[in-house]
1. In whole angstrom, and with the biggest value first, how far do the Cα coordinates of the stretch 101-181 range along each principal axis?
2. With +1 on each Lys and Arg Cβ and -1 on each Asp and Glu Cβ, and nothing else charged, work out how big the dipole of the stretch 24-181 is about its Cα centre, in Debye to the nearest 20.
3. Whose amide H sits under 5 Å from the amide H of residue 25, counting only residues 5 or more places off or on another chain, with H placed in the peptide plane?
4. In whole percent, and with a 1.4 Å probe on the protein chains, what portion of the accessible area of the stretch 36-169 is carbon and sulfur?
5. Around residue 76, with a cut-off of 15 angstrom between Cβ atoms, what is the net charge of the other residues, counting Lys and Arg +1 and Asp and Glu -1?
6. Rounded to the nearest whole Å², what accessible area per residue is found for the chain with the 1.4 Å probe?
7. When you count, for each residue, the other Cβ atoms within 10 Å and take the mean per peptide, how do 129-142, 106-119 rank with the highest first?
8. Using a cut-off of 13 Å between beta-carbons, work out the net charge of the residues near residue 66 (Lys and Arg +1, Asp and Glu -1, residue 66 not included).
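The values are calculated or read from the model by the stated rules, or taken from the named source; none is laboratory data. Keep in mind that what you see is a predicted model, and the values were worked out from it rather than measured. With ideal geometry, Cβ positions are generated from the backbone for all residues, glycine too; neighbour counts draw on all protein chains shown. Please note that ligands, DNA and RNA were not included when accessible areas were found on the heavy atoms of the full protein model with its side chains. Shrake-Rupley method; radii C 1.70, N 1.55, O 1.52, S 1.80 Å.
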Amino acid sequence: MDQDRPPGDEDAPREPGPGSGGQDRHETPLERADRNFIELLQELRVTQTGVQILFAFLLTLAFTPRFPSLDGVQRATYIVTLLLAVLAAALFTAPAALHRVLFRRHAKPLIVEMSSRLAGVGLAVLMFALAGSVLLVVDVTAGRAAGIAAGAGTFLVCAGLWGVLPRLVRRSLARAHDDLV
């Protein structure tokens, strides 16, 4: 039994929920919270690895021979992008800290809700960090106009894949559900 589960939850009524293949899950609210938290942690593991690689890349740039030749705009882009990568890493690791502080306090649904919000904000910040990284590298290698175009393109691709696409799929699922009812 989960240590974060209040005593007696094993006898709580099991609520049907959406499952794969059109089948319902019969789980208590705390079982659902446990499952949702595990799924969220899996998502965070994927994104956290990317953020760590981006952050390491950005840290090393300041120690390259070419770094002193960057102009003011490129240095500002570098600093802002580095700080955005740090913020994204902090947002993606915050759910672990939240869970650690609230462990065994019967707060799993709250942990899941707050962690989900932190992950959403983290993705938005990561989108800016990725766009800034691409802007900087392309600016240095191909010129300012190309850098701005590449950074904007990166931002639009991330916004489309991480923001627009999931909302379109959610809307499609809602329509399909409404058609069944």
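1. On the principal axes, the stretch 101-181 reaches 52, 43, 9 Å in Cα extent.
2. On the way: 16 positive and 11 negative charges, 52 e Å.
In debye, rounded to 20, the stretch 24-181 gives about 260.
3. HN-HN under 5 Å from residue 25: 17, 19.
4. On the way: 5600 of 7540 Å².
The computed percentage sits at 74.
5. On the way: positive: 75, 144; negative: 71, 139.
Summing Lys and Arg as +1 and Asp and Glu as -1 gives 0.
6. On the way: 11170 Å² over 181 residues.
Accessible surface, normalised per residue, equals 62 Å².
7. Values: 129-142: 20.8, 106-119: 17.4.
So the order, starting with the most tightly packed, is 129-142, 106-119.
8. Numbers: positive: 75; negative: 71, 139.
Taking every other residue near residue 66 into account, the sum is -1.
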